[in-house]
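Mind having a look at this structure? Questions to follow.
The values are calculated or read from the model by the stated rules, or taken from the named source; none is laboratory data. Just so it is clear, the structure is predicted and the values come from calculations on it, not from any experiment. All Cβ positions, glycine included, derive from the backbone under ideal geometry; neighbour counts span all protein chains shown. To get the accessible areas, we keep the full protein, side chains included, count just its heavy atoms, and leave off ligands, DNA and RNA. Shrake-Rupley method; radii C 1.70, N 1.55, O 1.52, S 1.80 Å.
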2 protein chains.
Amino acid sequence: MRDRVRIVEVGPRDGLQNEKQIIPTAIKLELIERLIGCGIQNIEATAFVSPKWVPQMADHSAVMRGLKKHDGVCYSVLTPNLQGFEAAAEAGAKEVAIFAAASETFSHKNINAGIAQSLERFAPVIEAARKTGVKIRGYVSCVLGCPYEGDIAPQTVAHVAKDLYDMGCYEISLGDTIGVGVPDNVRRLIEAVASEVPVPALAGHFHDTYGMAVANIVAAHTMGLRVFDSSVSGLGGCPYAAGASGNVATEDVVWLFDRMGIETGIELDKLVDCAVWISSRLDRQPASRVAQAIIATRKRN
Amino acid sequence: MRDRVRIVEVGPRDGLQNEKQIIPTAIKLELIERLIGCGIQNIEATAFVSPKWVPQMADHSAVMRGLKKHDGVCYSVLTPNLQGFEAAAEAGAKEVAIFAAASETFSHKNINAGIAQSLERFAPVIEAARKTGVKIRGYVSCVLGCPYEGDIAPQTVAHVAKDLYDMGCYEISLGDTIGVGVPDNVRRLIEAVASEVPVPALAGHFHDTYGMAVANIVAAHTMGLRVFDSSVSGLGGCPYAAGASGNVATEDVVWLFDRMGIETGIELDKLVDCAVWISSRLDRQPASRVAQAIIATRKRN
């Protein structure tokens, strides 16, 4: 049997979240259906956050209502607190994601709470999720650097990841929020985290801000990680530097693993079509190198 | 002492070669001076090829005449045959580069000669270079895939590299001409080549067509390579798919090694300035993710 990795598509939430123009719910739902048509089975669909903070996600309930049931497909939604969780559960969410930072300063600026306080805030969410059988995924942001604090100690990340795991998250996604990681410190990070959390419960969430995401995914894969977050067409950009790249493009990740002979279950050609489609809806070209190369090759043939 | 890698800047030749608009000699010379100002010491300056085939390089003698002498800086020029070599030597070249392919079909289409025949054609160049004390660098193209033949056997690359080395090339640059390599096959390739040519005589020349160049450089570095070719601002694009990326950007390579604590001798901030400058001369944005991120950060601050 071929090796296999699982891709968690975050385009519809993490990708679209920072778009200035409000994207119609129908486009979001069509994007999700197209992604599923490519073979993607894990999709972060929306976020139950206050529309005051994230206007783009104000239609979360409508998105949830519009999601179609597909065998094997798992949707998750981001929930920042108990109120968000209850609304998500009410709307039928079977998996929610919660998020902590590995940087005190980032945590304060992002959610107005320190790391410990943010974890406390999630305790009732996890409690409620357990009671209702909802799965919980945890994010740790700034795992390889913080826009305010610079380098982050791997031990700090390990502690936050362990707390989330011990609280009941089935998977912890380690986020290089500003894309400053390189393979060497990815290895050091995963070594540290793996001493606190089982490796099969870890996922990699790499940003391509400095073009290092694919190299970092390779390093993480070598360290045993088999789950990676990515965003179709590289949707999302970098909220900390407009004009820079953000989430690694799903096309680039699928191309990498295809060429390495590792199964993703995703059809690259269809995925490029999907990237072209959503990019045209957003009046831009796909940010993915792979999409650009495949589009160029199609034009040539 | 910190680990060190050597960057061979190929922007002025490999990068500009495919530009449709003819770039004035003065711009080429200013680019070279700016690159040297960033700390780059190895620069491929021009090519002594027929202007009929590569009009952009028609000013090769003028470029050679305009090059300034700098301590520690080494210029090289591409020479396809004895006639080119003689003109280059006449113009004062101290290092020339010759090129072979690891694909028979590519070799025929590119230079109208099979691999063996192309090597025979270089024998008199190498002979003449030896007599005059000119150093010779060898390129092997299509080492990880060919646009016509698909996958290329590592053994084939190893044989061509060995032939070039035995003929007298001091360094063999392994070129992933269409950017289809991934770290796994980079490792297999270098294992095969290293059994025929000493690793310190090998360089990596990776293209970023599918966004894999940095990951491949990391793999090659792990295998012992310490010399990498790159092009400022990612100049060059992909001659086999217009609109796709080509040469890995020097900025991305420098950023990678800076973050890994490995010395390149190159100042990244100045290099980004240089990328911005040459890109504006060519009416485009830098293709480098690192340049884009640094420009975005500068605008924000």
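For segment A:145-162, what are the residues that are closer than 21 Å to B:MET260 by Cβ, open to solvent by 10 Å² or more (accessible area, probe 1.4 Å) and either without any contact (Cβ under 8 Å) to a residue 40 or more places away in the chain or in contact with a Leu (Cβ under 8 Å, 6 or more places away or on another chain) (or both)?
Passing the criteria: A:GLY150, A:ASP151, A:ILE152, A:ALA153, A:PRO154, A:GLN155.
Of all residues being in contact (Cβ under 8 Å) with a residue 24 or more places away in the chain and of a type in the set (Lys, Arg) in segment A:267-301, which is farthest from the other protein chains (Cβ to nearest Cβ)? Just the residue, please.
Taking the candidates together, the pick is A:ARG281.
Quick one: which residue in B:THR46, B:THR79 is among the hydroxyl-bearing types (Ser, Thr, Tyr), closer than 21 Å to B:SER279 by Cα, under 18 Å from the mean Cα position of the chain (by Cα) and modelled with pLDDT of 95 or more?
B:THR46
Right, A:ALA241: aliphatic (A, V, I, L, M), facing another protein chain (nearest Cβ under 9 Å) and either within 25 Å of A:VAL180 (Cα to Cα) or touching a strand residue (DSSP E or B) at 6+ places or on another chain (Cβ under 8 Å) (or both) or not?
It is true that A:ALA241 is aliphatic (A, V, I, L, M), facing another protein chain (nearest Cβ under 9 Å) and either within 25 Å of A:VAL180 (Cα to Cα) or touching a strand residue (DSSP E or B) at 6+ places or on another chain (Cβ under 8 Å) (or both).
State all residues of segment A:163-191 that are open to solvent by 10 Å² or more (accessible area, probe 1.4 Å) and either of a type in the set (Gly, Ala, Ser) or within 19 Å of the chain's Cα centre (by Cα) (or both); if no residue qualifies, say none.
Within segment A:163-191, A:TYR165, A:GLY168, A:TYR170, A:THR177, A:ILE178, A:VAL180 meet the criteria.
Looking at segment A:229-236, is at least one residue more than 13 Å from every other protein chain (Cβ to nearest Cβ), open to solvent by 10 Å² or more (accessible area, probe 1.4 Å) and either under 22 Å from A:LYS28 (Cα atoms) or not acidic (Asp, Glu) (or both)?
Within segment A:229-236, one or more residues are more than 13 Å from every other protein chain (Cβ to nearest Cβ), open to solvent by 10 Å² or more (accessible area, probe 1.4 Å) and either under 22 Å from A:LYS28 (Cα atoms) or not acidic (Asp, Glu) (or both).
Let me spell it out: the conditions are (1) touching a Phe, Trp or Tyr at 6+ places or on another chain (Cβ under 9 Å); (2) closer than 30 Å to B:ALA88 by Cα; (3) modelled with pLDDT under 95, and B:PRO147 meets all of them except one. Which number is the exception?
(2)
Something else now. Go through segment B:128-225 and tell me which strands (runs of 3 or more DSSP E), entirely inside it, have 1 or more residues that are of a type in the set (Ser, Thr, Tyr) and over 18 Å from B:SER245 (Cα atoms).
B:135-141, B:171-176
Six or more apart or on different chains, Cβ under 7 Å: which pairs go from a residue in segment A:199-213 that's more than 11 Å from chain B (Cβ to nearest Cβ) and farther than 11 Å from A:GLY175 by Cα to one that's small (Gly, Ala, Ser) and open to solvent by 10 Å² or more (accessible area, probe 1.4 Å)? Could you list them?
Note: pairs meeting the criteria are A:VAL199/A:GLY224.
Related question: If a residue must be touching a Pro at 6+ places or on another chain (Cβ under 8 Å) and at the interface with chain B (Cβ under 9 Å from one of its Cβ atoms), how many such residues does segment A:216-228 contain?
Going through segment A:216-228 one residue at a time, the tally reaches 3.
Considering segment A:245-260 alone, what residues qualify as being open to solvent by less than 10 Å² (accessible area, probe 1.4 Å) and within 7 Å of another protein chain (Cβ to nearest Cβ)?
Once the filter is applied, which keeps residues that are open to solvent by less than 10 Å² (accessible area, probe 1.4 Å) and within 7 Å of another protein chain (Cβ to nearest Cβ), segment A:245-260 yields A:ASP252, A:LEU256.
Picking from A:GLY84, A:GLY39, A:GLY72, which residue would you name as being on the phi > 0 side of the Ramachandran plot, at pLDDT 95 or above and either crowded, with 16+ Cβ neighbours inside 10 Å or outside any loop (DSSP other than H, G, I, E, B) (or both)?
It is A:GLY39.
How many of the residues in segment B:154-198 are within 14 Å of chain A (Cβ to nearest Cβ) and of a type in the set (A, V, I, L, M)?
5
Oh, and also: May I ask you to verify whether B:ALA91 is surrounded by fewer than 19 Cβ atoms within 10 Å (Cβ to Cβ) and under 26 Å from B:GLY66 (Cβ atoms)?
Spelling it out, B:ALA91 is indeed surrounded by fewer than 19 Cβ atoms within 10 Å (Cβ to Cβ) and under 26 Å from B:GLY66 (Cβ atoms).
Within segment A:244-299, can you find the residues that are basic (Lys, Arg) and over 19 Å from B:GLY246 (Cα atoms)?
Within segment A:244-299, A:LYS270, A:ARG281, A:ARG284 qualify.
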